[in-house]
Amino acid sequence: MMRNKKWLRSSVAVMLAGTIVLAGCSNNESGGSNAETGGTNGEVSTDPVTFSYFSFGTNKDVLASETTIGKILQEQTGVDWQMEFVVGDANTKSGVMIAGGDYPDVINDVGQLPKLLDAGSLIPLNDLIEEYGPNIKRVYGEHFDKFTEDDGNIYILPFSANVNEYVTEPDIGGGAFWIQRRVLKEFGYPEVKTLDQYFDLIAQYEAKYPSIDGKDTIGFITSAGATGEFFSIANVPMHLAGYPNEGNVMVDMETHEAKLYAASDYEKQWLAALNEMSRKQLLDPETFTANKDQYLAKLTSGRVLGYFNYGWQVGDATNNLKAAGDDDLRYVALPIVFDESVRDAYIDPPSFVNNRGVGITVSAEDPARIVQYWDNLLTDENQKLLQWGEEGVTYSVNEDGRFVMTEEQIANRNDNEFKRTYGWAYFDMDWPKYGANSTFEDGNAYSPLSQPEVAAVNYTEGDKALLEAYGIETFSGLFAEPQERPWYPAWSIKKEQGSPEQIFNQRVGDLQVKFYPRLVFAQASDFDSIWNEYLAEFNKLDSAGYEAFVTAKVKDRVAGNW
Amino acid sequence: MEKQTVQITQSTSGDSRLRALIKTLSKQKMLMLMSLPFLLWVIIFKYIPLWGWTIAFQKFRLARDLFDQTWIGLENFRFLFSEPQFYLVLRNTLVMSGINLVLGFGTAIVLALLLNELRRMYFKRTVQTISYLPHFISWVVAANIVQTALAPEGIVNVMLMRMSLIEQPILWLGIGEYFWGILGVTEVWKNVGWNTIIYLAAITSIDPAQYEAAEMDGASRLQRMWHITLPGMKPVIVLLLIMNLGHILESGFEAQYLLGNGMNVEYSENLDIFVLKYGMQMNNFGLATAAGMFKTVVSFMFLIAANNLAKRMGESRLY
């Protein structure tokens, strides 16, 4: 008896000790975050302070004041930033961050917003904006309802509030079919509109020139094998059918009905075309297996005749090709569709992306100071600094008051390394800002590359020859003007964590990952039976429910309820 | 009165037992003290976290108290066991685990036996070092090496084509059926040297007199290996086998995650990747915990079964 009791007592003691240790830990934590609330008194302080900024996007960590722009902003406000970026999987990182309650002062959500809101990680900004944010109100005022949550609070400031006159970007940074320039040159710059024409041109060229520098040319590739980039192949049917990038649905302009294009005839037509290319040995056999490094290596090697990608996926490769200076090996974006009668919609319509932005976390000790810093960012002067840099250093103003850049200044503006040291890599996005299609009050474009004077200097001789051959001013000249789609983009519609919609998406994704390779590499005779197998699997999922969900949200948005 | 006497006797016998216990305790004071930190470690890091199993029965949301969670009973388990994908990944997990187990044991034992027979110390050390090395490469790097080697223009295809064994380059990682084999070979390449260490240690504990006696009796080298070295290693082999069977549902994560792609997903996706996709990435920690519990239960069954088997066969065992 006694012995048993002794055991009991000692194990209780051990448990108790354990609990005390644990309680000790958690006390420390909550103590740390409790100390935050004090110390905000209306005055704009310029005492030196360093806040932390975490982004779920990728970049190199930096202390803001080590960059030119960060230093100038620090001189204005006394605020410096320890900027950190996600390493590895963002979903895992956000989970760990939330579970540990270990937040930076400011978060750039990049898709993690639903989780952060669900966990109550961000503080409401309404009162702070009212008190400290005249410029925030000027820029975001008319859009507030679009990013006010159901509880009536604003938690983030998004990046796409366009101000003043709306300008479109002269070059293609979004999705497109890209083709190597030597192919167009060889055939006298023909007009290429449909998928058949595009693949046919590649086939003809490959037949004539099967190799370059002793290596086989590759007809067509996409980066479907890179982690998390399967959409590079799965999104294509939507674009070929003449819709902009809405995620996994196409939204009708008239009825506002959202339709999935997975398992549709559009998808079948696209995969059948790839299948044919593959049987002609024009499709890269590594389409589904090459990782991102291998993929980019191929793109920069000059062996690839055509690819589909969003411009931002392959920015490093295209910059390198441009720097290498051989225009024939560079690529040009084409608005390819299924049928000549289809109006292409590759260029994003004017839109307000309401689920990407920066928010202040519950751990921030001085949220007022941060909102003041943001408000200061949103002056016309500072917005110019963040995009154009310093007058006389990184750009100049001509006698008509237009902003211009020399070739060297443009080269610097595009150079990855220079962008890091100057600070553009850290400040020209992902902070409260004007939308990319804005203009300043003096009429100059917000984004340097949207300024016609700059775009003109930026073009190489090869660019100019190409533009002239097609009789266009800028590369977007080949593409149709975007049309008004007030709900755009449908992909920014929030889906609850673990909701049927989210699980549906994962399931469809899993199916596509499984069936695409089988379909693309199938024998011609097997294609239809594999397709039917895919359809049968797909029909087990509740696609009607998903479409109804998106349609309802789209109609809400059209009615003005974001 | 009678009652009291009984009580007294009882307490005296309890006292003497207690005294005996205290005596043993004080005799083994140092041992107790030394094991205390590990006991604490086990309790804090292995038993207290079991509390987290409650998550499996909740629609768990982060950063909320236990009392603010929604309890959903066995819903997470129902989702798991009614998901066809689950059985596919379970198959993959078991097969890959089995392959790793068999190949891992086989190659390590053979290599250890061979290394033991080497007489030139210098050569032996070199072989050992070379075979250990891959163990210290992270999977990210190792997977990249494998991907590069197996690419259409990679060294494997080039060599096979030079030797005219194949005419067209083979897309190794693009053919699902090959994945298990590739993974098995990769695991062997990465871990065989490391796995031999414990066997080599077991071999050193074999009494050299046995070898001498066998040699006198005219046993050949192969016979010595078969009749002396292998039986000498047997206790270690059995023990390791029992422990590894406890990990039968851990077929690894990084290798499958990094080498997997759309074309081999039906063979490469294992339980851990499934949990990552449907659990962690969707913030569905309840499902992830449910899967974890399932793994623990299965592991326990395997462990106990293997241990009983060893017991019945009269071999050394875990407990």
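The values are calculated or read from the model by the stated rules, or taken from the named source; none is laboratory data. Computed from a predicted model, the values in this text were never measured in an experiment. We place every Cβ from the backbone using ideal geometry, glycine too, and count neighbours over all the protein chains shown.
Inspection of region A:497-519 finds no residue satisfying the criterion of being more than 11 Å from every other protein chain (Cβ to nearest Cβ) and either in contact with a Pro (Cβ under 9 Å, 6 or more places away or on another chain) or free of Cβ contacts under 8 Å to residues at least 12 places away in the same chain (or both). Here's a check for you: in region B:191-201, which residue that is touching a residue at least 60 places away in the same chain (Cβ under 8 Å) and under 14 Å from B:PRO235 (Cα atoms) is nearest to the chain's Cα centre (by Cα)? In this case the residue turns out to be B:TYR199. Each residue in region B:58-82 was checked for being under 13 Å from B:THR289 (Cα atoms) and assigned to a strand (DSSP E or B), and 2 pass.
Taking the stated definitions as given, is A:GLU547 away from chain B (no Cβ under 14 Å) and not in a helix (DSSP H, G or I)?
Working: away from chain B (no Cβ under 14 Å): yes; not in a helix (DSSP H, G or I): no.
Answer is no for this residue.
In the set B:LYS295, B:LYS277, only one residue is among the basic types (Lys, Arg), farther than 16 Å from A:GLY228 by Cα and either facing chain A (nearest Cβ under 8 Å) or out of contact with any strand residue (DSSP E or B) (no Cβ under 8 Å at 6 or more places or on another chain) (or both); that residue is B:LYS295. Considering region A:470-496, and only residues there that are of a type in the set (A, V, I, L, M) and part of a helix (DSSP H, G or I), the residue that is nearest to the other protein chains (Cβ to nearest Cβ) turns out to be A:ALA490. Within region A:145-169, residues that are assigned by TED's automatic domain parsing to the domain that holds A:LEU122 sit with their Cβ atoms under 7 Å from residues that are buried (at least 18 other Cβ atoms within 10 Å of the Cβ) and of a type in the set (Asp, Glu), at 6+ positions apart or across chains, in these pairs: A:ILE156/A:ASP109; A:PHE159/A:ASP430. Checked against (1) touching a strand residue (DSSP E or B) at 6+ places or on another chain (Cβ under 8 Å); (2) of a type outside the set (Asp, Glu); (3) farther than 30 Å from A:GLN451 by Cβ, A:PRO190 passes all but condition (1). Highlighted here are the helices (runs of 4 or more DSSP H) found entirely within region A:42-146 that include at least 1 residues which are closer than 27 Å to B:ARG61 by Cβ: A:90-100, A:113-118, A:126-132. Taken over region A:267-290, residues that are surrounded by fewer than 22 Cβ atoms within 10 Å (Cβ to Cβ) and within 11 Å of chain B (Cβ to nearest Cβ) amount to 2. At least 2 residues being surrounded by fewer than 18 Cβ atoms within 10 Å (Cβ to Cβ) is the threshold, and among the helices (runs of 4 or more DSSP H) wholly inside region A:160-266 those reaching it are A:181-186, A:195-208. Say whether the condition of being away from chain A (no Cβ under 14 Å) and either under 24 Å from the mean Cα position of the chain (by Cα) or touching a residue at least 24 places away in the same chain (Cβ under 8 Å) (or both) is met by at least one residue in region B:255-266. Scanning region B:255-266, I find at least one residue that is away from chain A (no Cβ under 14 Å) and either under 24 Å from the mean Cα position of the chain (by Cα) or touching a residue at least 24 places away in the same chain (Cβ under 8 Å) (or both), so the answer is yes.
Being within 14 Å of another protein chain (Cβ to nearest Cβ) and of a type in the set (Asp, Glu) narrows it down to one residue among B:ASP272, B:ASP207, B:ASP217; which is it?
After ruling out the rest, the residue left standing is B:ASP272.
Within region A:466-493, being within 16 Å of A:TYR189 (Cβ to Cβ), in contact (Cβ under 8 Å) with a residue 24 or more places away in the chain and of a type in the set (A, V, I, L, M) holds for A:LEU466, A:ALA469, A:LEU478. Selection of first residues in region A:84-106 that are away from chain B (no Cβ under 11 Å) and within 13 Å of A:GLY57 (Cβ to Cβ) and of second residues that are polar (S, T, N, Q) and in a loop (DSSP other than H, G, I, E, B), restricted to Cβ pairs under 6 Å at least 6 apart or on distinct chains, gives the following pairs, ordered by first then second residue: A:PHE85/A:THR58; A:PHE85/A:ASN59. Residues of region A:453-464 that are surrounded by 14 or more Cβ atoms within 10 Å (Cβ to Cβ) and touching a residue at least 60 places away in the same chain (Cβ under 8 Å): A:ALA455, A:GLY462, A:ASP463.
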